[in-house]
Amino acid sequence: MSYKSPDDSASADPGQLPTVLPSGAVLADEGIEQQPRGVSRRTLITGVAAAALGGLVVGGAVGGLIGRSSGQRAGSAGSASQNRPLSIIYGGDVCDAPSIVAKEKGFFTEAGLDVTLHRTVGDEDIKAAVGSGQYDASSGIFYSWLKPVEEGQNVKFVAGLHAGCLRLVVPKTFTGEVAALRGATIGIPSLSSSATMFFSMDLLDAGINPLPEAKQVNWKVLDPSTLADALRRGQVDAIATSDPIAYRPVLDGYGVELASNMSGMNKQAYCCCTALNGDLVKNEEPLARKLIEAWARGSRYVAGHEEEVARIEVDKKYVAGDVATITKLLQGYVWKPSVTRLKASLLPGIEKFKKTGYLGSSADPQQLADQAFRTLGINW
């Protein structure tokens, strides 16, 4: 079945379907064999407690919100709105690079945009904040946004930003495949996190019902900064989270990657995509389009400039970690933003995700895709 959004002027070119991605396992192997000398575990995790994962797993409104109601911020439908301040909320992950680069390299400014990046705080609910218009946009894997969208959150996906950043990590002594996790305790940052949602599909493929109430695995919610240490101490049997936390056990030699979102049956062309407030998309389309184009420019810049970007993330205190490790992680992702490739992967992804049970039994994948996606007239 092909997916066609109501606002599309042309169907996606079949040649634009997702390309085969490099395996996340390769990155894990390289990380073990070629660990940068002198990398300090302390520097990797310092300050991580303040970071939520991948713009994907935070909850509730916080201070520092823009304080605009939807009525105050939106122009009339179809009109070209005046440029106004825009806000992007991010979680402090390595993969937040596209928005960080677009801000720090001046791509937003060159596009005539006034964009502020807001770091999530505590258990702030990004989905609710973007859906209500308290923030204009965020990024994240679309699986973690599907339930909120099904329940009415006013959010639209537009462009895929990059591939890679989620890992399911087990102790080095672990033997077996994903199916061996039946009955295991898996440490996660949130029951609604990107990693929880994504790896639920891997569990499903292994014959394990991932729903908490099924009790075939025990999802244990922990502070993000403690996940790696919980694995090292044997407090959990596995952790599912995003980089840099997910990579720390591999880097330090006590963990191995069992699965990632760049390998296996469920590998994705995009980990993170742009999620915009629906009123911004509906009523201020020219402004929304400029935001997406500058954001994607930030993503493209990362490829070939990974060390520079890592230094920006660390020196400007966007991400907790060291430059060498973050450079390596950035080099392991794929930086080819696209609207058409996200479109091609959306419906099959929803159809697969529905099988996990997180969506309602009556949910219509085609209808949900139509509801959640817009191209804004972009054809790359």
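The values are calculated or read from the model by the stated rules, or taken from the named source; none is laboratory data. This one's a predicted model, so the numbers in the text were calculated from it and none came from an experiment. With ideal geometry, Cβ positions are generated from the backbone for all residues, glycine too; neighbour counts draw on all protein chains shown. To get the accessible areas, we keep the full protein, side chains included, count just its heavy atoms, and leave off ligands, DNA and RNA. Shrake-Rupley method; radii C 1.70, N 1.55, O 1.52, S 1.80 Å.
On the beta carbon distance between Trp380 and Glu307, with R0 = 35 Å, the FRET formula returns roughly 0.85. Summary value for the stretch 78-201: 25 percent relative contact order, contacts being C-alpha pairs under 8 angstrom separated by 6+ residues. At a probe radius of 1.4 angstrom, the accessible area of the stretch 284-374 per residue rounds to 37 square angstrom. When the Cα centres of the stretch 186-243 and the stretch 125-154 are compared, how far apart do they sit, in Å? Here the two parts' Cα centres lie 21 Å apart.
When the label point is put 7 Å from the Cα of Leu211 along its Cα-to-beta-carbon vector, which residues of the stretch 145-176 have a backbone N closer than 20 Å? In the stretch 145-176, the label zone of Leu211 (backbone N under 20 Å from the point 7 Å along Cα→Cβ) covers 145-152.
Plainly put, the stretch 208-253 has a radius of gyration that is 1.01 times its Kirkwood radius, both from alpha-carbon atoms, as the Rg/Rh ratio.
Among the GluC sites (Glu not before Pro) in the stretch 104-166, which ones are in a DSSP loop with at most 14 other Cβ atoms within 10 Å of the Cβ? Mind listing them?
Glu151
Along its three principal directions, the equivalent ellipsoid of the stretch 123-265 from the Cα gyration tensor extends over semi-axes of 27, 16, 14 Å, largest first. Amide H to amide H distances under 5 Å link Gly187 with Lys220, Asp237, Ala238, Ile239, Ala240, where only residues 5 or more positions off or on other chains count and H is placed in the peptide plane.
Using R0 = 30 Å, the C-beta based FRET efficiency linking Asn218 and Gln366 works out to 0.30. Between Phe174 and Glu351, the simple label model (points 7 Å from Cα in the Cβ direction) yields a spacing of 3.0 nm. Scalar couplings 3J(HN,Hα) for the stretch 206-212, obtained by applying the Karplus form with A = 6.51, B = -1.76, C = 1.60 to θ = phi - 60°, are 8, x, 10, 6, x, 5, x Hz; x denotes Gly and Pro.
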